[in-house]
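The values are calculated or read from the model by the stated rules, or taken from the named source; none is laboratory data. Quick caveat, the model's predicted, so the values are computed rather than measured. Cβ coordinates were reconstructed from backbone atoms using ideal geometry, including for glycine residues, and neighbour counts include every protein chain displayed. Side chains included, ligands, DNA and RNA excluded: accessible areas come from the protein's heavy atoms. Shrake-Rupley method; radii C 1.70, N 1.55, O 1.52, S 1.80 Å.
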Amino acid sequence: MLIAITRDVSSSLGGCELSYVPRGAIDVTTAAAQHRGYQKALESLGCRVMALPAEDALPDAVFVEDVAVVLDEVAILTRPGAESRRAEVSSVAEVLARHRPLRALEAPGTLDGGDVLRVGRSLYVGQSARSNAAGIAQLRDRVAEFGYEVHPVPIRGCLHLKSAVTQVAEDTLLVQPAWVDPAAFAGFRRIEVDPGEEHAANALWLGSGVVYPACFPRTQRRLEDAGIAVTSVDVSELQKAEGAVTCCSLVLREVP
Ligand code: GLY
């Protein structure tokens with residue numbers, strides 16, 4: 001059984017951090033409805049959704065992926081790169097403590113979970129404005145005893161590594177080559193996003209298929225042509241907050 005930790009949309013979502021997406025009006029009511037649709041998609045793919053209440057003082061708190069890196073053996077609490085997001089960690093930590101031993105990153109390290117792509121025992125970590133060398137080194141230190149290797153990966157032109165590359169099947173990655181060098185993932189089967197769909201590389205793989213934004217039909221076709229089952233969700237208002245489908249949950253295996 002998979003557990004998906006989510007957090008309801010903050011009423012202050014419009015005041016979120018933005019790095020590569022221009023600020024525009026966000027309809028929070030629609031964002032909340034889309035988020036419920038996302039939770040339903042997670043349930044349809046076998047997740048037990050644990051929904052935390054909104055943190056209205058923290059605009060980006062819906063993007064729970066950034067505050068932890070959850071492995072089967074341990075959960076690493078991050079120190080998010082945006083100062084405004086650091087207070088998001090504690091309430092997620094309370095929930096994670098019921099499921100995993102916890103380790104924490106500390107200053108001067110910064111790291112966003114959106115920069116961490118786990119494939120097997122490899123953790124690929126984006127060298128982004130949010131995740132610095134100290135944070136990446138601390139992550140390596142915290143996971144080494146469990147047999148994980150950390151591989152820093154340069155990115156350009158996007159917020160997080162998982163803006164540029166995500167796993168979509170056991171051996172397959174979905175890649176935006178404009179933002180990350182595909183050569184960093186030479187051993188994998190790779191699907192590139194359609195050139196007209198810049199933000200299309202973020203998919204949430206849940207074993208039997210992916211949860212995927214409805215607004216990238218041409219890349220969706222590429223996924224389906226590769227035999228990948230796609231559950232489509234409309235997350236347009238969350239995308240205006242520079243969010244994507246991986247950002248809105250922390251998915252962990254229920255360990256007996
Ligand atoms: N708005 C998402 C982030 O910048 O962290």
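Points worth noting:
- Any hit, the range 165-176, residues being touching a Cys at 6+ places or on another chain (Cβ under 8 Å), over 21 Å from Ala41 (Cα atoms) and open to solvent by less than 60 Å² (accessible area, probe 1.4 Å): yes
- Count of the range 1-23 residues, restricted to those that are more than 13 Å from the ligand (Cβ to nearest atom) and open to solvent by 20 Å² or more (accessible area, probe 1.4 Å), is 4.
- The set of residues from the range 222-256 being basic (Lys, Arg) and touching a strand residue (DSSP E or B) at 6+ places or on another chain (Cβ under 9 Å) comprises Arg222, Arg253.
- Search result, residues across the range 228-256 that are more than 16 Å from the ligand (Cβ to nearest atom), over 16 Å from Thr166 (Cβ atoms) and open to solvent by less than 20 Å² (accessible area, probe 1.4 Å): Leu252
- All of Ala184, Ala133, Ala200 fail the test of being surrounded by fewer than 16 Cβ atoms within 10 Å (Cβ to Cβ) and either under 30 Å from Pro101 (Cβ atoms) or aliphatic (A, V, I, L, M) (or both), apart from Ala133.
- Where a residue in the range 232-256 is over 21 Å from Ile76 (Cα atoms) and its partner, wherever it lies, is in a helix (DSSP H, G or I) and of a type in the set (Val, Ile, Thr), with Cβ under 6 Å and at least six apart: Glu237/Thr30
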